[in-house]
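The values are calculated or read from the model by the stated rules, or taken from the named source; none is laboratory data. In this text, all values refer to a predicted model and were calculated from it rather than measured experimentally. When we count neighbours, we look across all protein chains shown, and the Cβ atoms used for this are built from the backbone with ideal geometry, even at glycine. Note: accessible area is taken over every heavy atom of the protein model, side chains too, but ligands, DNA and RNA are not part of it. Shrake-Rupley method; radii C 1.70, N 1.55, O 1.52, S 1.80 Å.
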Amino acid sequence: MDSLLINSQSEEAFRGRFVVPGDKSIEQRALVMASMAEGTSYIEGVSPALDCASMIQVLRQLGADIKSCGTDTLSVCGWGAVGPRTDVDEPLDCGNSGTCMRLVAGLLAVGSGVYTLVGDSGLSQRSMRDLADVLAMFGAKVEFLGADGCAPIRITGSRWKDPNKSEPTSMTTEWESIKIDLTTSSAQLKTSAMLASLARGNVRLVLTEPFKSRDHSELLFRSLGLNVIERDLPNGLHRVVLNVKTNNVQSFKYKLYGDSSSAAFLIALAVLKPHSHMVVDSLCINPTRMGFFMALKRMNATICARYTNKYRGEMIGGITADYSHLRGVEIAPSEVPLCLDEIPLLAVVASRARGITKVRGAAQLRTKECDRISDTLHELAKLGVKYEEYPDGFDIMGLSPDAKSSEYPVSSEALIHLDAHGDHRLAMSLGVAACICRRPVELTGAGLVGISFPNFWTILREARVLR
């Protein structure tokens, strides 16, 4: 499904109680760790998202034996101390998943093989220069086979043995300290460095980022007995210290809970559509993923997160939201890493809030699946939204004080054409906008939701907000 006609959205409120697919960020990390482990691990609650399918296929190519055990459980027999296969002739296809490419690149950085990582057209437009800089600290060689530092990339592991030399290119077995200062807060780059450290062994990694990014990797590593220390430094800096004595990982069991980034779209529609009430249960409510919901709270949204238990360090619970009269807020650079994936959705919500919403410090959004700043603003302009664009963010001019309705007051009765620009999160964000628009909308790229939230449109139909 590439195009969806949303021409009869219901006047009924958006009401329901739902569970969203398992957190794909955690699942991809758990899959990598299970593939590196000795023995067989079990991961329950896996997501049908295409990003996760890409990770599974790549890990299978590298030697992990991954099988389905029931409807939502995978068994993973890892390669353990043997390490990933070095005789992989075919490229490792990461699909649309930047997480897959960066995490797999990390575990291969200290290997003894040469690998080519490729992606789809969207992933092939995303720069990997920052990844190359990180992996160079471990002695890996990263070559760009695409234009302007983009994928495909070729990785030569630091243990690769040059046939013209008698020793590995740059790897030693002695204890080493590696210090990395990231210029942007990135959970993917941080995890890539942590996986390279784990695959290498005998290393102390000291990684500093401008602000704390999502910490799923730190929690997972600690739950598996690895020594990870976090420290808050002056000026908002955040430091992660990982001490790895051995590269041995033992098999484990992991249960996945709902993805908060997917839940955000349902919660946003609830606060935007009159008389709505939405509950999302069995959800991972990790504080480093709650930036969007905290922003909604500041915007005067009637929203409540409830904590029920903790699993392997992750907070588990649910979120309830009701229709709300919203007001504009300012999102500071320090808040952006906690809601980076939801910024396009935040722009949609802000367009129906009273006053101006300002976002700064989000320049890295321009190098995601699309330019998430310009493309989001361009599409919202078709709905009559006014804005100011900046290199690292935007100002959204929301509702005037005398506005009678929160729906988009598009004057023409003609069909409105919106384009997701190849971005799954923009597709869902525009889908939310279409459900509060007075005119029919044709959304190009609707099928992209399969990358992270395959049953998104189904839920909207079940809740009778979309026919």
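For the reader, a short list of remarks on this structure follows.
- Counting only protein heavy atoms and using a 1.4 Å probe, the accessible area of T208 comes to about 10 Å².
- Cβ-Cβ FRET estimate between M137 and A403, R0 fixed at 51 Å, reported to 0.05: 0.45
- Mean separation of Cα contacts under 8 Å, 6 or more apart, over the residue count of the chain: relative contact order %: 18 percent
- Disulfide-incompatible cysteines by the Cβ rule (no partner under 4.7 Å) in the chain: C52, C69, C77, C150, C284, C304, C339, C370, C435, C437
- Prolate/oblate/rounded label for the range 1-77 (Cα gyration tensor, a/c 1.5): prolate
- Excluding same-chain neighbours fewer than eight residues apart, the aspartates and glutamates reachable from K297 by a Cα-Cα span under 13 Å are D322, E330.
- Descending by average beta-carbon neighbour count within 10 Å, the peptides 228-235, 107-114, 387-394, 189-196 line up as 189-196, 107-114, 387-394, 228-235, the highest first.
- Were the residues from T302 through S334 laid out at 0.36 nm apart, the gain over their Cα-Cα distance would be 9.1 nm.
- Per-pair calculated FRET efficiency, R0 = 35 Å: D72 and E413 via Cβ, rounded to 0.05: 0.20
- Per-residue Karplus couplings for the range 231-246, computed as 6.51 cos²θ - 1.76 cosθ + 1.60 with θ equal to phi - 60°, are listed in order as 9, 8, 10, x, 6, x, 4, 10, 10, 10, 10, 10, 9, 10, 8, 9 Hz, Gly and Pro entered as x.
- In order along the range 341-355, the Karplus-derived 3J(HN,Hα) couplings, from 6.51 cos²θ - 1.76 cosθ + 1.60 at θ = phi - 60°, round to 5, 9, 4, x, 5, 4, 5, 4, 4, 4, 5, 10, 9, 7, x Hz, and Gly and Pro are given as x.
- Once the chain from R129 to F144 is taken as fully extended at 0.36 nm per residue, the excess over their C-alpha distance is 4.5 nm.
- Nearby aspartates and glutamates by direct alpha-carbon distance to K255 (threshold 16 angstrom, same-chain neighbours under 8 apart not counted): D23, E27, E44, D72, D281, E314
- Estimated at 0.36 nm per residue, the fully extended path between D392 and T40 surpasses their Cα-Cα distance by 122.3 nm.
- Whole-percent carbon and sulfur share, accessible surface of the chain, 1.4 Å: 49 percent
- For Y257, residues with placed amide H under 5 Å, excluding near neighbours: D23
- Once the 1.4 Å probe is applied to the protein heavy atoms, the chain comes out at 38 Å² accessible per residue.
- Under 17 Å of direct C-alpha separation, and excluding same-chain neighbours fewer than eight residues apart, K161 reaches these lysines: K141.
- Counting only DSSP H runs of at least 4 residues, each contributing -39500 (n - 2.57), and dividing by the residue count of the chain, the helix-based mean residue ellipticity at 222 nm comes to -7500 deg cm²/dmol.
- Residues with amide H under 5 Å from that of M137, placed H, sequence gap 5 or more: none
- Note on the chain: Cα-Cα pairs beyond 34 Å make up 32% of the total pair count.
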